[in-house]
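Q: One structure, as structure tokens, below. Some questions next.
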Amino acid sequence: MPPEFSGTLTNTHWVLLVMVALFVGMSKTGVYGLGMLAAPLLAGIFGGKVSAGLLLPMLSMADIFAVIYYNRHASWPHLWKLFPFAALGVIIAIWVGAVINDSTFKIIMAVFILGGIPVMIWRERVKNTKPLPGNWWTGSFFGITGGFSTMIGNAAGPIMSLYLLAMQLPKNVLIGTGAWFFLVINLFKIPFHIFIWETVTLRTFSINLMMLPAILLGGFLGIRLIRIIPEKPFRWLIIIMTVLASLRLFF
């Protein structure tokens with residue numbers, strides 16, 4: 001069992017976990033940037049590798065709900081071009097995570113999260129772009145990059161957003177394709193977290209199950225917030241908060 005869970009979690013830990021669970025739920029119902037903010041918040045307290053294991057089952061739970069809702073809209077030709085290379089990216093990340101210490105792990109996590117910030121900004125500013133060629137070369141680049149970043153820091157959101165937006169898929173197809181990609185890849189990652197990194201345990205999973213109501217509540221709040229709060233200023237606020245939380249991982 002990771003040393004961070006050898007004792008009782010403090011009130012601060014529980015508040016943070018509930019906050020992250022809310023963010024995860026909200027990120028799957030339209031407030032996408034909050035998913036990026038969750039990873040550095042957890043890593044700042046629990047450590048890089050342990051936080052990745054804590055966050056993964058919560059993301060998988062939220063992915064299941066997203067797939068249930070959007071399952072009819074996935075573009076499987078695009079997914080089949082991503083999956084093999086994403087799996088390769090995950091395996092590369094497993095090796096990297098096994099040979100570095102947690103401080104270095106957090107720095108790599110921060111680099112990948114911060115590397116996604118320009119993509120998030122690009123997404124806010126650019127409205128009309130030409131589609132990238134939907135070939136195996138494009139799928140291999142985004143698949144390997146996405147697989148590596150999702151294993152290291154659950155930080156593949158901006159990379160996949162860039163790929164799916166560049167494919168110029170219809171809105172529901174884009175959301176459904178992304179939902180299926182993350183569900184399959186996140187489930188693929190779980191055995192490695194259990195048996196190799198040992199960051200998903202019965203104790204951590206019991207904590208994840210306790211966060212399920214907060215994830216569901218976050219999904220509901222995300223739907224409401226998108227309707228009430230102006231979306232563009234809110235997204236910029238998320239980008240700024242993600243940068244600040246990620247920079248904290250360097251110190």
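Q: Mind checking whether some residue in the range 35-47 is at pLDDT below 85, farther than 22 Å from Val243 by Cβ, buried (at least 20 other Cβ atoms within 10 Å of the Cβ) and not aliphatic (A, V, I, L, M)?
A: no
Q: Where the second residue is surrounded by fewer than 17 Cβ atoms within 10 Å (Cβ to Cβ) and the first is of a type in the set (A, V, I, L, M, F, W, C) and lies in the range 236-249, which pairs have Cβ atoms under 8 Å and are six or more apart or on separate chains?
A: Short answer, once both residue conditions are applied: Trp236/Glu124; Ile239/Ile121; Ile239/Glu124; Leu249/Ile107.
Q: While we're looking at this one, here's another question. Of everything in the range 166-218, what is modelled with pLDDT under 85 and either farther than 20 Å from Met26 by Cβ or over 17 Å from the mean Cα position of the chain (by Cα) (or both)? Give them in sequence order.
A: Ala166, Met167, Gln168, Leu169, Pro170, Lys171, Asn172, Val173
Q: Then there's this: What's the total number of residues in the range 71-94 that are more than 18 Å from the chain's Cα centre (by Cα), buried (at least 19 other Cβ atoms within 10 Å of the Cβ) and farther than 13 Å from Tyr163 by Cβ?
A: 1
Q: For the range 17-34, what are the residues that are more than 22 Å from Pro233 (Cα to Cα) and either surrounded by 20 or more Cβ atoms within 10 Å (Cβ to Cβ) or polar (S, T, N, Q) (or both)? Spell out the reasoning first.
A: If we filter the range 17-34 for residues that are more than 22 Å from Pro233 (Cα to Cα), which is where we start, we get 17-18, 21.
Scanning the range 17-34 gives Leu17, Ala21.
Q: Take Arg125 and tell me if it is at pLDDT 80 or above and of a type in the set (Lys, Arg).
A: Details: at pLDDT 80 or above: no; of a type in the set (Lys, Arg): yes.
For Arg125, the condition - at pLDDT 80 or above and of a type in the set (Lys, Arg) - is not met.
Q: Got a number for residues in the range 107-123 being of a type outside the set (A, V, I, L, M) and within 15 Å of the chain's Cα centre (by Cα)? Spell out how you get there, then give the answer.
A: Filtering the range 107-123 down to residues of a type outside the set (A, V, I, L, M) leaves 112, 115-116, 118, 122-123.
When the remaining residues are screened for being within 15 Å of the chain's Cα centre (by Cα), the result is 112, 115-116.
Number of matching residues: 3.
Q: Somewhere in the range 232-250, is a residue in contact with a Phe, Trp or Tyr (Cβ under 7 Å, 6 or more places away or on another chain) and more than 21 Å from Val67 (Cα to Cα)? Spell out how you get there, then give the answer.
A: To start, the set of residues in the range 232-250 that are in contact with a Phe, Trp or Tyr (Cβ under 7 Å, 6 or more places away or on another chain) comprises none.
So far as the range 232-250 goes, no, none of its residues is in contact with a Phe, Trp or Tyr (Cβ under 7 Å, 6 or more places away or on another chain) and more than 21 Å from Val67 (Cα to Cα).
The values are calculated or read from the model by the stated rules, or taken from the named source; none is laboratory data. All of these numbers come straight from a predicted model, not from anything done at the bench. Heads up, the Cβs are rebuilt from the backbone with ideal geometry, glycines too, and the neighbour counts pull from every protein chain shown.
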